[in-house]
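Inspection log for the structure reproduced underneath, given as structure tokens.
Since every read-out is calculated from the coordinates, none of them should be taken as a lab result. Since the structure is predicted, the reported quantities are computational estimates derived from the model, not experimental observations. Here the Cβ is made from the backbone with ideal geometry for all residues, glycine too, and neighbour counts use every protein chain on show.
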Amino acid sequence: MNKSPKNIAIRPLSGSIGAAVTGMNLSELNADQFSTLHEAFLDNCMLVFPAQHLGVDDFVAFSDWWGEIVTTSFLQYLEGHHGVSKLFNRGKAGSVTENWHSDTPFLPKPPSINFLSAFDVPIGGDTMWSNQYLAYESLSPGMQEMLSGLRIEFNGESLAGLINSQEELRNFHPVVRTHPETGRKSLFVGSPSGTARRFEGMTEAESYPLIEWLYQHSSQPHRVYRHHWNNGDVVMWDNRCTLHYAVHDHGEDASRELYRITTKGEKPV
Ligand SMILES: O=C(O)CCC(=O)C(=O)O
Ligand SMILES: [Fe+2]
């Protein structure tokens, strides 16, 4: 456990991704604390802050430290808090997040950071995150070299059927991206049956086997942390170097409410 001078304790949550932060109140964040959190965030890809019980205003104020809040036409936002959405149980069949994904990778600039604040969570309904730096670094040198320069077509048109989107939902992004802050390379894939359709210049049939292999590789259990939620938890993750998966094991009627904010990202390079 790393005990910083400000009483902030940062404890790794797995051997591969995630850290829990205790000993601080997110609604009273100062610049020194922010810089400790920022470093821990870049090192661990996702942070858990147990038992914060933030009100919506404090949740917004916390995310403001990290970047500009963005919205998408895929979600509805709270009245009076444009930028904060509320996740709730849509039933297993209605869940679009029970699969390994990064958020809206088909946009020209997918969001950089996501924040969830647990308001009313059931037993179950865990969320998992997988480290995409390690997914890239564990590829053979030959595979790393073959992937360098390749781009994937990310396509959100199947999701767009759910909404009346005005956004551009088809974009090519590099399958190996470099994080703008850490300079580390990570794998950037999705499901070839979902958003990650094909490599640029190739057909879907040609691309499928390798994208599928990379997608399976990207979510191996030894690169995953699985979070059991408690009311009041705040979790933030880096959408540029992780995939995540919302487990729907809590039944159709269980209440599961979390507030959600995302911050603006940059064009993946
Ligand atoms: O419900 C969850 O745990 C996470 C859902 C999700 O994929 C997201 O908020 O981006
Ligand atoms: Fe998501």
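Quick notes
- Candidates per trypsin sites (Lys or Arg not before Pro) in segment 72-124, loop by DSSP, up to 16 other Cβ within 10 Å: Arg90, Lys92
- Close Lys-Lys pairs in the chain, where close means Cα under 26 Å and separation is 8 or more or interchain: 7
- Secondary-structure-derived ellipticity at 222 nm for the chain, considering helices only, amounts to -6000 deg cm²/dmol, per-run term -39500 (n - 2.57) for DSSP H runs with n ≥ 4.
- Segment 1-131: C-alpha gyration tensor shape, a/c 1.5 cut-off, then a/b vs b/c: prolate
- In terms of Cα atoms, the Rg and Dmax of the chain work out to 18.1, 55 Å.
- D (Stokes-Einstein, µm²/s), Kirkwood Cα radius, segment 56-166, 0.890 mPa s at 25 °C: 143
- Remark on segment 131-269: Rg and Dmax equal 16.5, 49 Å (Cα only).
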